[in-house]
Every structure is written in structure tokens, then in C-alpha cells.
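In what follows, a single structure is set out as C-alpha cells and then discussed.
The values are calculated or read from the model by the stated rules, or taken from the named source; none is laboratory data. Because the structure is a prediction, the values reported are computed rather than measured. A quick note on method: Cβ atoms are made from the backbone with ideal geometry, for glycine too, and the neighbour counts reach across all protein chains shown. Surface areas here come from the heavy atoms of the whole protein model, side chains and all, with no ligands, DNA or RNA. Shrake-Rupley method; radii C 1.70, N 1.55, O 1.52, S 1.80 Å.
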Amino acid sequence: GIRRAVEAAQEADIRICMVDAQQALDCTTKPSDSFLQNAEWQALLDLPHTFVVLSKIDTLKSTDGIQAAAQAWAQSQRINNRIVPISCANMFGWESLMQLLADDIRTAWGTSVAQQMPLTKTRHRQHLQQCLEHLDSFESIGEDMVVLGAEELRGASRALGRITGKVGIEDVLDALFSEFCIGK
């Protein structure tokens, strides 16, 4: 199991390693107790596009100087990649993590790659056009027209679903009732 997990992580475009901040920053924990001492895990942490997330920082006694403490911990663990302290309870650090991920993706793969990819299948182009039309309609609907807005979003989702192959129950029922005459 661990070998396959390591192999999958090595092949991933982006890696996020979650570490409990309390355990990581607790001075009583011996470095040998850390899974990060494993050579395979250490090698993963040195790969590009790897982020180490110190989670649950809200459980610490104080978050003053958390960034400095996180960097000192990273140096003690020989981690050279980015360290991001976060809290799911109070959302501390989430914006920073999202920005780092977005910047990394933009730098590594850019936006021009996606813009240059052609849609080679006519059917995909048509469904994508339908999706865009629904989204444009959604944007033009006033905030007080929630039901109409939801219907436009549903239409956009349906159009994308036809490309990705994900079809909802409504699509099945629509096909049934449009293809067959079901009487009383």
C-alpha cells in the first residue's frame, strides 16, 4: 500500500503533504518519530510542485510567529519546499495556500496551453458553446431571479456533462419522454 502511494505521488503533477501542526511543532516529539524521516517520503518532499501543509494550527496555544516556527521546523526536517500553516476551523492560511497553488500552476503550465488546445470534436464544441450560452444567460439574470439562474446553471452543467459523460437522472427522463409516447 505505501509503495503504491509513493509511486502515485511521484507521478502526480502537484503534491500536498498534510502534517498535524501540533505534532510537527511539538518540541517533545523526537525527529525519529516522524514519518518524514523515511527516505522515500523525504524524496517526495524534495520534488517540485510539492507543498507541505501544517494543518490544525488553531489547536496550538499561540499562532504568533507561526510562519517562523514552520520554517524552522521545515529546516530541521530538511524540507526545501513551501510550508503553509492552515486551519480549517478558522480558515487561517487558506487564501495563502490557494494563491501559492494558483501561482505554481500558472508558472508551471501557464494559461496559454489551455487556450491553444483545439476542440477537435464538433459535438464537444457544440456542447461547450451551449454551456457558455447558459453561463452568459446566468450572468445577465438579476439577483432576484434565483429560479431562472438555477435553471441556467443546470443547463450549463448538463452541457458539460454531455462532454464528460456524466449524465443526471433528468437527462435520462428527458430522453425517455422525448423518445417514447407514454400514455395515461
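Structure values in brief
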| read-out | value |
| --- | --- |
| Index of the failed condition, Ile57 passing every other in (1) open to solvent by less than 50 Å² (accessible area, probe 1.4 Å); (2) closer than 23 Å to Glu7 by Cβ; (3) at pLDDT 80 or above | (2) |
| Inter-residue pairs, beta-carbon under 7 Å, first under 20 Å from Glu95 (Cα atoms) and outside any helix (DSSP H, G or I) and in segment 47-74, second open to solvent by less than 70 Å² (accessible area, probe 1.4 Å) and of a type in the set (Ser, Thr, Tyr), 6+ apart | Lys56/Ser87 |
| In segment 11-44, the residues that are under 18 Å from Ser55 (Cα atoms), at pLDDT 65 or above, open to solvent by 90 Å² or more (accessible area, probe 1.4 Å) and not in a helix (DSSP H, G or I) | Met18 |
| Pairs, first under 27 Å from Ala102 (Cβ atoms) in segment 1-13, second among the charged types (D, E, K, R) and open to solvent by 80 Å² or more (accessible area, probe 1.4 Å), C-beta under 7 Å, six or more apart | Val6/Glu40 |
| Unmet requirement for Gln116, which otherwise passes all of (1) open to solvent by 70 Å² or more (accessible area, probe 1.4 Å); (2) at pLDDT 85 or above | (2) |
| Test: residue in segment 92-104 that is modelled with pLDDT under 85 and either hydroxyl-bearing (Ser, Thr, Tyr) or outside any helix (DSSP H, G or I) (or both) | no |
| Residue list for segment 4-15, restricted to those being over 10 Å from Leu44 (Cα atoms) and aliphatic (A, V, I, L, M) | Ala5, Ala8, Ala12, Ile14 |
